[in-house]
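Scroll down for the structure; my scribbles are underneath it.
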Amino acid sequence: MESKSIRELYLKFFESKGHKIVKSSSLIPFEDPTLLFTNAGMVQFKKFWATDIPLPYKRATTCQKCLRAGGKDSDLEKIGASGKHHTFFEMLGNFSFGDYFKKEAIEWAYEFVVEKLKISENKLWISYFKDDLETKQIWKKFFPEEKLIPLGEKDNFWGPAGDTGPCGPCTEIYYDFGKEKGCGDSCKPGCNCDRFLEFWNLVFPQYNKELNGSLSPLKRRGVDTGMGLERISRILQGVETNYDTDLFLPIIKAIEEFSSFSYKENQRNFRIISDHIRGIVFAISDGVLPSNEGRGYVLRRIIRKACLSGLDIELKEPFLFKLSKVVIKIMGDVYPELIENKDLVEKVIHEEEEKFHYLVTSSRKIFFDVVKKEENQEIKGETLFKLYDTYGIPKDLIEELAFQYNMKVNWPEFEKYMKKQKELSRTKSKIGIKKKEIMTSDKIIESQFVGYDKISEKGKLKGIYEGENNYLFVFDKTPFYPERGGQIGDRGVILKNGFKFKVLDTQIDEKGIIYHIGNVLEGEIENLKIDEEFYLNVDEELRKQISINHTSTHLLHYALREIIGKEVRQAGSYVGDDKLRFDFVCFTDINEDTIKKVENLVWEKIFEKAPVLVEEMQLNEAIEKGAIALFTEKYGEKVRVISTGNFHKEVCGGTHLKNTGDIFLFHITSFSTIGKNLKRIEAITYKNCLKYFLNSMIENLKNISNLLKTPPEKIYIRIERMMEDLKEKEKLIEKYVNMEIENLVEKILKAPQKVIKEEKEIKFFYEKLNIKDREYVSKIADKIVEKEKNSIVFLTFKIDDKNYFVFKISDNLKNEISAIKIVKNLSKYLKGGGNEKFVSGILNEGIELNFLIEKIKKSIKNE
């Protein structure tokens with residue numbers, strides 16, 4: 001049975017049992033900060049069991065895309081040796097939320113496996129949690145007791161998908177591949193040999209694991225099952241491993257075509273590549289981009305492991321980006337987002353592969369030079385840190401190079417150096433500096449920010465610290481926005497009778513405590529007391545300008561995605577009162593015309609006076625409604641969604657305007673490339689924009705006045721006269737140029753070279769011109785073919801030490817000879833663009849012209 005049919009059969013079976021078919025959620029678990037990736041089918045339903053929120057359905061069935069790489073459930077290191085483990089896999093599941101429980105779950109599992117999939121009972125074994133006698137009793141209706149194996153907590157008590165969440169006992173269904181695959185007569189389910197394959201796990205969530213590790217009864221107990229599609233496909237297709245199923249074979253065949261190796265002779269590397277490319281494609285499609293932290297780092301590590309396996313089978317050029325097409329072909333009909341994002345997926349993989357291949361090449365020499373002095377074939381922590389921090393060689397590549405040189409690595413010692421560096425970085429941050437405690441309250445856990453709708457508020461003093469040349473004040477609540485999400489911290493004043501504190505910056509630490517950093521203008525700190533009330537006042541004009549710039553950043557993000565494409569991904573930002581800066585990933589070349597279109601679209605949305613609305617909702621709901629979220633950000637249970645008109649939504653914690661019309665003015669001041677496929681735009685708005693335009697006009701007027709040696713008020717009259725003089729001079733120049741062109745044409749016409757093509761005589765004209773104007777050279781070519789009907793012209797000229805050419809064919813030859821085709825055939829020597837009659841371009845460096853002329857004449861004969 002094909003995997004596609006198994007997937008469909010499973011979902012339809014449970015739909016017939018009253019389950020709602022629910023679409024797979026993203027690999028990014030938006031509502032669970034304890035997880036890097038969605039690693040099980042139940043992740044999107046965790047709150048359905050643990051809370052008493054109203055439910056949209058009580059029964060659900062899904063085919064969930066999962067990734068187990070990084071974190072406690074990671075299978076990354078098992079790939080290659082094992083034929084049954086994967087980083088990316090699909091989990092078929094059926095779920096009950098306070099509805100049916102063990103009896104129905106077990107009965108339906110038996111019905112589906114035995115009656116629908118037609119798997120023989122003789123091939124099936126069951127394991128259950130040793131204390132769960134209720135489950136054992138239900139299974140006894142279908143299997144003899146010797147086939148029901150009790151196992152301990154390690155095997156049959158299922159923990160939560162993250163650090164917290166639903167958990168409970170489970171029972172697993174095993175397929176028996178026969179005694180010949182086992183490790184002896186006592187071999188039973190739970191053994192690590194190849195005889196038994198667990199393919200369906202039925203979990204019965206009864207408890208909720210709290211942060212402190214305790215178990216409390218669930219609001220709604222239920223059922224959470226997971227069947228690996230790859231494993232059940234292996235069983236039903238009667239093949240040796242998961243990698244021999246129709247989910248992997250097309251990928252493996254493609255790798256065989258790319259390399260000179262076969263799967264049979266190099267299973268380990270083929271398995272790693274075919275497994276990893278699936279995870280890579282799905283992760284990028286779901287919005288993860290390679291980086292040096294979090295999900296991005298795991299993705300980068302998976303790509304690099306696949307690249308290293310490719311090098312082992314002599315794939316020395318990027319190949320994964322081509323392999324991604326095979327994955328999309330296999331899975332695209334089930335997951336249409338893969339087809340939508342295929343260009344982005346290919347570009348991201350290709351770029352990452354190229355960077356890594358360069359890194360491998362350059363790292364080998366550095367590695368050898370640095371470690372050759374190490375003793376006892378062990379690389380010490382200090383040396384590892386130098387390789388990692390100074391030379392930028394990633395840990396996985398260090399590990400691989402060490403393996404190749406037969407050296408051990410002292411990672412525990414390396415971690416000590418990493419810890420020192422982190423501590424040093426922390427002391428350099430604005431609030432990580434060594435601050436001296438003056439007074440604090442032990443009751444402050446975090447500060448409450450109340451400044452979205454007001455810029456003044458009373459707050460109780462909870463702490464004062466002395467920093468370097470400043471003080472840090474902490475209050476129970478504050479209208480001061482702390483620096484985060486790219487937006488700078490608020491400034492303003494804090495007042496109390498006889499005391500005035502100027503706030504120069506606002507910061508927040510990882511615990512959520514907000515620090516107001518500044519200097520005392522009036523009064524004495526010694527006279528202040530904990531829990532005294534102060535008036536906290538944000539600088540109104542500053543906040544307004546920052547909010548204008550933040551809303552403008554959202555408009556800019558929208559415009560970039562509209563003009564360039566949805567491949568644009570935010571990579572960073574700065575939102576201050578002086579300007580805004582927007583860094584973004586983009587794989588398309590951007591020119592001035594594109595930037596102008598982006599700016600014009602922002603202007604259009606400003607003039608539209610679109611309302612800016614703020615809503616609070618669950619992150620998953622925000623994503624489903626089309627909101628853009630930055631996956632590098634940490635989000636709480638509820639997020640703020642900023643909707644700009646009906647055309648753009650973003651998850652954002654910053655401050656904003658209520659209407660785009662209040663931006664007033666917007667201007668892009670600079671565009672630059674700051675890294676490979678990483679671009680930066682800087683822009684100004686509102687009053688800063690007005691100042692910029694006025695200052696530019698005044699400065700330009702002064703410069704023109706000085707240049708023309710004319711008072712500003714008489715510049716217009718002077719320019720009018722100059723324009724009239726210029727027109728007369730241009731006419732005179734044109735007259736002499738045309739005369740010179742005629743002279744050159746006559747000279748060239750006197751020296752034709754004959755080319756015989758199919759008994760037809762063609763006149764070929766070549767000249768090396770001392771002219772630096774393409775337009776004049778083109779005119780000369782035009783004149784020659786006008787005067788000589790059966791003619792071909794090839795003219796070269798030089799501009800700034802580079803040789804250019806013009807290639808022209810007379811009208812009567814255009815159906816016989818193609819200028820563009822000849823140039824393409826000679827692409828080793830010259831590059832150009834044009835059409836059948838005319839091509840212009842540049843000669844490759846070091847080309848001997850006489851040699852090239854002979855090549856062109858030969859091409860004309862053979863055309």
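The values are calculated or read from the model by the stated rules, or taken from the named source; none is laboratory data. In this text, all values refer to a predicted model and were calculated from it rather than measured experimentally. Cβ: placed from backbone, ideal geometry, glycine included. Neighbour counts: every protein chain shown. Remember, those area values only see protein heavy atoms, side chains included, never the ligands or the DNA or RNA. Shrake-Rupley method; radii C 1.70, N 1.55, O 1.52, S 1.80 Å.
Here are a few things to note about the model shown:
- Alpha carbon centroid spacing (whole Å) that separates the stretch 91-156 from the stretch 340-389: 48
- Cβ charges +1 (Lys, Arg) and -1 (Asp, Glu), total dipole of the chain, debye: 1280
- When each of K46/K102; K12/K58; K814/K855; K566/K828; K219/K638 is checked by Cα-Cα distance, pairs over 25 Å: K566/K828
- A crude spin-label estimate for the pair L732 and K760, with each label 7 Å from Cα along the Cβ direction, gives 4.8 nm.
- Computed from point charges on the beta carbon alone (+1 for Lys and Arg, -1 for Asp and Glu), the dipole magnitude for the stretch 615-748 about its Cα centre is near 420 Debye.
- Long pairs among K754/K837; K47/K419; K731/K808, criterion Cα-Cα beyond 25 Å: K47/K419; K731/K808
- Taken one residue at a time, the phi angles of the stretch 95-109 give Karplus couplings (6.51, -1.76, 1.60, θ = phi - 60°) of 9, 10, 10, x, 10, 5, 9, 4, 4, 5, 4, 6, 4, 5, 5 Hz. Gly and Pro are set to x.
- Computed from point charges on the beta carbon alone (+1 for Lys and Arg, -1 for Asp and Glu), the dipole magnitude for the stretch 429-490 about its Cα centre is near 80 Debye.
- Count Lys and Arg as plus one, Asp and Glu as minus one, and take only other residues whose Cβ is under 14 Å from that of K4; the net charge is then -3.
- Euclidean distance between Cα centres, the stretch 245-304 to the stretch 830-863, Å: 43
- Secondary structure note: in the chain, about 85% of the DSSP beta bridges are antiparallel.
- C-alpha center-to-center spacing [the stretch 678-748, the stretch 1-58] in angstrom: 66
- Computed extension length for E845-E740: 34.9 nm, one decimal, from 0.36 nm per residue of separation with the Cα-Cα distance subtracted.
- Between the listed residues I149, I255, I235, the Cα displaced farthest toward the positive end of the dipole of the chain, a dipole computed from Cβ unit charges relative to the Cα centre, is found at I255.
- The chain, accessible surface, carbon-and-sulfur percent (1.4 angstrom probe): 48
- Per residue value of the accessible surface for the chain (all protein chains in place, 1.4 Å probe), Å²: 50
- Peptide ranges 218-229, 742-753, 14-25, 724-735 listed from the most packed, as the mean C-beta count within 10 angstrom indicates: 218-229, 14-25, 742-753, 724-735
- Extension reserve of the V493-D442 stretch, reckoned as 0.36 nm per residue once the Cα distance is removed: 15.8 nm
- Most positive-pole-ward Cα, G190, V474, G332, against dipole of the chain from beta carbon charges: G332
- FRET efficiency for S859 and K395, using Cβ-Cβ distance with R0 set to 51 Å, rounded to 0.05: 0.40
- Sites L311 and E378, calculated FRET efficiency, Cβ-Cβ separation with R0 25 Å, nearest 0.05: 0.50
- Along the stretch 243-248 the Karplus relation, 6.51 cos²θ - 1.76 cosθ + 1.60 evaluated at θ = phi - 60°, assigns HN-Hα couplings of 6, 9, 7, 5, 6, 10 Hz to successive residues, with x for each Gly and Pro.
- Lysines whose Cα lies under 28 Å from that of K702, excluding same-chain neighbours fewer than 8 positions away: K579, K596, K687, K691, K714, K727, K729
- As computed over the chain, the Cα convex hull volume per residue (Å³): 266
- Inter-label distance, nm, simple model (7 Å from Cα along the C-beta direction), E541/K687: 0.4
- The stretch between K264 and N835 holds 200.5 nm of extra length on full extension. This uses 0.36 nm per residue minus the Cα-Cα distance.
- Each of R721 and N519 was given a label point 7 Å from its Cα along the Cα-to-Cβ line. The distance between the two points is 5.6 nm.
- Among beta bridges identified by DSSP and lying wholly in the stretch 691-837, the antiparallel ones come to about 70 percent.
- Note on the stretch 150-277: dipole from Cβ charges, positive end direction compared against G159, N208, F270; the farthest Cα belongs to N208.
- Rounded to the nearest 0.05, the FRET efficiency derived from the C-beta distance between Q618 and I698 at R0 = 41 Å is 0.20.
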